[in-house]
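Here is the structure we will look at.
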Amino acid sequence: MTYKLSQLAAHVGGQLAFGPDREIAGLCSITETGDQASSHLSYLLPQRSFAEIQKSQVQSFLVAQLPAELEERDALAGRSLVTVANPELAFAQLLAFFHPQPRVEAHDIHPTAVVAEDVVFEGPVRVGPFCTLEAGVRCGGGTSIGAHSYIGKGTRLGADCRIMASCTIYHDCELGDRVTIHSGTTVGADGFGYANDKGRWTKIPHVGRVVIHDDVEIGANACIDRGALQDTVIGKGSKLDDLVMIAHNCKIGEHVVIAGCSGMAGSTEIGDRCQIGGRVGFSGHIKVAADSAFAAMSGVFRSVPAPGFYSGTPAIQHSLRNRIYIEEQRLPEYRKRIQQLEERLEHLQEDKAKGDD
Amino acid sequence: MTYKLSQLAAHVGGQLAFGPDREIAGLCSITETGDQASSHLSYLLPQRSFAEIQKSQVQSFLVAQLPAELEERDALAGRSLVTVANPELAFAQLLAFFHPQPRVEAHDIHPTAVVAEDVVFEGPVRVGPFCTLEAGVRCGGGTSIGAHSYIGKGTRLGADCRIMASCTIYHDCELGDRVTIHSGTTVGADGFGYANDKGRWTKIPHVGRVVIHDDVEIGANACIDRGALQDTVIGKGSKLDDLVMIAHNCKIGEHVVIAGCSGMAGSTEIGDRCQIGGRVGFSGHIKVAADSAFAAMSGVFRSVPAPGFYSGTPAIQHSLRNRIYIEEQRLPEYRKRIQQLEERLEHLQEDKAKGDD
Amino acid sequence: MTYKLSQLAAHVGGQLAFGPDREIAGLCSITETGDQASSHLSYLLPQRSFAEIQKSQVQSFLVAQLPAELEERDALAGRSLVTVANPELAFAQLLAFFHPQPRVEAHDIHPTAVVAEDVVFEGPVRVGPFCTLEAGVRCGGGTSIGAHSYIGKGTRLGADCRIMASCTIYHDCELGDRVTIHSGTTVGADGFGYANDKGRWTKIPHVGRVVIHDDVEIGANACIDRGALQDTVIGKGSKLDDLVMIAHNCKIGEHVVIAGCSGMAGSTEIGDRCQIGGRVGFSGHIKVAADSAFAAMSGVFRSVPAPGFYSGTPAIQHSLRNRIYIEEQRLPEYRKRIQQLEERLEHLQEDKAKGDD
């Protein structure tokens, strides 16, 4: 099935502003070189140059605006350009249009699933093979629970959640609406808390919960530990990638993104809209200001009182860290220059001493 | 249900040493500000100041001793203080008292579980839905195996173990008594060993085991690989956090703690009572002295012959690493100072040359 | 069951070149000190010294060649040495000989498994308890799928694959022949891609696949994410360790090894035969030249245009990084030396000023 480019433009609030109204069969990357290059639609980020479109074999693009210069437009002759406020967003919306997520419309509990008698389904829910839903589970309508997933006693899932296959959610956790959790992720395991008793470690029972707010997505094989006394909280709209670890009592703000393999120790608080690269580590009991950003592989040992772009271990202003990365490579040279200075000074003083004689 | 503070004090070998004998309904954090502040009990670490109690809204505390100064005591008027040798330990014990872990008293094998004919249960055991226990498994009394867990051929679990939902334990492993393993953890997968055959990698079969001693707890989504020829061993009482990776042939001592996302390459040995922060990496084939501590995010490339507090990559004495963290930020300044020195010296020499003329 | 050393030598294309033709019951480590030391066979890497054999209690060894010096040979009197081109490879082959991997010869679908009607088995396949194989799955002969594993819609597995217990493979993925995947690993979860819509994150649907070529092995609890539009690809013969994360659209070459806890951000390309240590991180959208090697705990931020041995964060030539590791520890000393230079120069200039008076 194909669609006119003008139709797709209308679907995302844009317009066909340049070139022919092609038939579009799907979406593709700007690097596409096969048959899809002529039949599929790609996009250009506003900060990129139109020269990238020229170099691409793809014929149709979502763009933020037409090239300002006539020459640039001429160079794109034959291409089709749809202008839209946010090309990446429009691209995401069209991907969802071409590849619609199946909605859960009919109640569908796989006969192999073990569902406790008092589980409450607030609407149609899909439960896959070999799922276990323990006593007291409550589950909003439109939610699907993938095969082999485990939902512990008293846990509540909101509406339209997507729990993929092989997820494990411990007892007494709470998920909002439209929460997506990918396979292999564990929510609600005990945090890492022990009291030292003359060299032996005695477990501190963890009686807090995990609370995950609406529109959160968590990648595969991640771990969100339950709180010791209070709750571990993931704020509305935040997105966590694979293998992320959130320790007990952490509070993640709203619309935060945390890339793969990042983790934080207990009781740390991350402000709203922070952007955290891959493999970033945070010490426990620190607070990070809203709107902070951290480069991949940073180690954050202290609270971050003001937003900024931080990197390195320990994390400092990215610009300073970058200078350090350059300077540290000059250390062998500095060493020599210090030595030479010392020798020259030595000579000067010797000469002077002789002169004084 | 509530208890007199004096009753709870007796339960942990302490005594109500100050203030009224309140009715206590549970435990809470020192930061609690809600209704629980008056009905619940908190604790103060011995190294913390009594000023923190003053600032807290919580009325009842476990403390190591009463304030030495009369003035400090007066400032706490109205609070209730229970003295006990180790307040954190007492707190853990009271949490376990208020939130008792259900014991496995009756044999309870879920009808969906697949249990090989020759599996031996040495006492009452709980096996959840969709568990698989392969041939030759032996399991001590009081152990519970959570839903969806897999126990491979010939593996032995001790008594009173808690294998949470969705754990995978390969064949021929051995777990002691009171071992807890959290969800998503894999015990006994093959280690990463290959022989290079003219650019191709040929697998080295792994025929060692994983041996986990008594009272070990392992967090969620961790990996403990089996040994190639000899065993991978986790010593008695050690505690490993989520996403920790222990490679083939490692030997972890007793009462070691390893925080989240840490990992070690093959054949490394960690001495007793080491304390390892989050995201610490160890090279393979190294030995770490007992009682060593490592700050979060350290990278340990060499054997550590003597205990100490180490940090950074490569890990060195923490005090030196901290000085380096400060000094490296001054590198741009040092650069300038070296340059200025060179210029000044140049001038001096030029002047001298002129003077000599 | 035991074998003559000469028989085992023949099995790996080597020959008994020194010492008695012992009866061998199995393989052991060079550090073995128990009964196995006399009955088992070990090996010596070509780069190691024969002194290690002298110090070992093991009696029989695979070696690349006999000691060149008569004296060295005399010192090994009583030992048995089998010469073979690649002792480590021969050792791996003999381990496989002593511990043969059970082959799947008869079709064996566990009665609890949920297998969609249209699943195609191209030969005898073993499917463990509680597996789910969704519609459209196709599976080559000789493949075994461990208990509790999930294979999503339309995914194809090649012949002689070993999917261990508790693996999760999403829809529409493609695995070649002889692929091994360890427990807890997730293949094909959505990549981490969102379009920012005025501070909110809108999911970019992921419609690419994961393609894993022949002879790949992936460790436990790893994550290989599906591509956004194009595929994520793992090349032939590559080996990935536990907890490795491969993000969307990455292309891993052939015969690459990636040790535990390493990860790479999206769209990164790793050339053939690269060797990547533990916990190495790669930024997204970079290209790494074939035959590059990276020390454990490196952070690779930029493309690597030429092979070499790299380490540190940011990753640079290992030799330079090692010098920096030494130099940075001298920073407190350099600081003092710069200060002293400044003071001495100050004095010189003052003296000179006085002299000029």
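Going 7 Å from the Cα of C:Asp291 in the Cα-to-Cβ direction, what parts of the stretch C:305-344 have a backbone nitrogen less than 16 Å from that spot? Correct set: C:305-310. For chain A, a Gaussian network of Cα nodes joined below 10 Å ranks A:Glu327, A:Glu346, A:Glu52 by mean-square fluctuation, and the top entry is A:Glu346.
Local charge for A:Asn322 was computed over the other residues whose Cβ lies under 13 Å away, with Lys and Arg +1 and Asp and Glu -1, and equals 0. Here is how the number arises for the protein assembly as shown: DSSP H runs of 4 or more residues each give -39500 (n - 2.57), the sum is divided by the residue count, and the result at 222 nm is -6000 deg cm²/dmol. 3J(HN,Hα) along the stretch B:293-306, derived from phi through the Karplus expression 6.51 cos²θ - 1.76 cosθ + 1.60 where θ = phi - 60°, amounts to 10, 10, 5, 3, 6, 6, x, 9, 9, 10, 4, 10, x, 9 Hz, with x in place of Gly and Pro. Give the distance, in whole Å, between the Cα centre of the stretch A:61-138 and the Cα centre of the stretch B:1-65. After rounding, the separation between the Cα centres reads 50 Å.
Close amide H partners of C:Lys251, meaning residues 5 or more places away or on another chain with modelled amide H under 5 Å apart, are C:Val233, C:Thr268, C:Glu269, C:Ile270. With a cut-off of 10 Å between beta carbons, the residues surrounding B:Lys287 carry a summed charge of +1, where Lys and Arg count +1 and Asp and Glu -1. Across identical copies of the chain, B:Arg103 has label-point separations of 5.3, 5.3 nm, listed in ascending order, with the point defined 7 angstrom from Cα along Cα→Cβ.
Taking the Cβ of A:Tyr170 as the center, what net charge do the other residues with Cβ under 12 Å away carry, scoring Lys and Arg +1 and Asp and Glu -1?
Numbers: positive: A:Lys153, A:Arg209, A:Arg226; negative: A:Glu134, A:Asp172, A:Glu174, A:Asp190, A:Asp225.
Net of charged neighbours comes to -2.
Using only the C-alpha atoms, the convex hull of the stretch B:62-175 corresponds to 133 Å³ per residue. The mean sequence separation of alpha-carbon pairs under 8 Å and at least six residues apart, normalised by the residue count of the stretch C:118-168, gives a relative contact order of 35 percent. Annotation: amide H-H contacts under 5 Å for A:Lys4 (H modelled 1.01 Å from N, sequence separation of 5 or more, or interchain): A:Ile24. Entry note, the stretch C:139-213: relative contact order of 25 percent, from Cα contacts under 8 Å with a spacing of 6+ residues.
Sequentially through the stretch A:167-174, phi angles give Karplus couplings (6.51, -1.76, 1.60; θ = phi - 60°) of 9, 10, 10, 5, 5, 6, 8, 9 Hz, Gly and Pro residues having no value and appearing as x. The residue among C:Ser283, C:Gln329, C:Gly312 whose Cα reaches farthest toward the positive pole of the charge dipole of the stretch C:256-357, with charges on the beta-carbon of Lys, Arg, Asp and Glu, is C:Ser283.
What per residue convex hull volume, in Å³, comes out for the protein assembly as shown when only alpha-carbon positions are used?
Details: hull volume 255.3 nm³, N = 1071.
Output value, Cα hull per residue: 238 Å³.
Radius of gyration (Cα atoms) of chain C, expressed as a multiple of 2.2 N^0.38 Å: 1.36.
Our coupling estimate for the stretch C:13-24, obtained by passing each phi through the Karplus curve with A = 6.51, B = -1.76, C = 1.60 and θ = phi - 60°, is x, x, 9, 6, 10, 7, x, x, 8, 5, 7, 10 Hz, Gly and Pro reported as x.
For C:Met297, nonlocal amide neighbours, meaning residues 5 or more places apart or on other chains whose placed amide H falls under 5 Å from its own, are C:Gly278, C:Arg279, C:Val280. A straight chain from C:Arg337 to C:Asp108 at 0.36 nm per residue would run longer than the Cα-Cα distance by 74.9 nm.
Evaluated at q = 0.19, 0.24, 0.29, 0.32 Å⁻¹, the base-10 log of the normalised Debye intensity for the stretch C:230-281, with identical point scatterers placed on the Cα atoms, takes the values -0.51, -0.84, -1.21, -1.37.
Lys-Lys pairs in chain B that are eight or more residues apart or on separate chains and whose Cα atoms lie under 25 Å of each other come to 11.
Positive-end ranking of B:Asn86, B:Ile234, B:Gly193 along the dipole of chain B, with charges on Cβ about the Cα centre, is headed by B:Gly193.
The simple Förster model, with R0 at 30 Å and r as the Cβ-Cβ distance, assigns A:Asn196 and B:Gln15 a FRET efficiency of 0.85. Look at the alpha carbon pairs under 8 Å that are at least 6 residues apart: their mean separation over the length of chain B gives a relative contact order of 6 percent.
Would you please name the trypsin sites (Lys or Arg not before Pro) within the stretch C:29-113 that are DSSP coil residues with at most 14 other C-beta atoms within 10 Å of their C-beta?
Values: sites: C:Arg48, C:Lys55, C:Arg73, C:Arg79, C:Arg103; in loops: C:Arg48, C:Arg79, C:Arg103.
Answer by residue number: C:Arg48, C:Arg103.
Shape analysis of the stretch C:155-229 based on the Cα gyration tensor places the equivalent ellipsoid semi-axes at 28, 13, 8 Å, largest first.
Bear in mind that the values in this text are calculations on the coordinates, not laboratory data. Bear in mind the structure is a predicted one, so any value in this text is a computation, not a measurement. Here the Cβ is made from the backbone with ideal geometry for all residues, glycine too, and neighbour counts use every protein chain on show.
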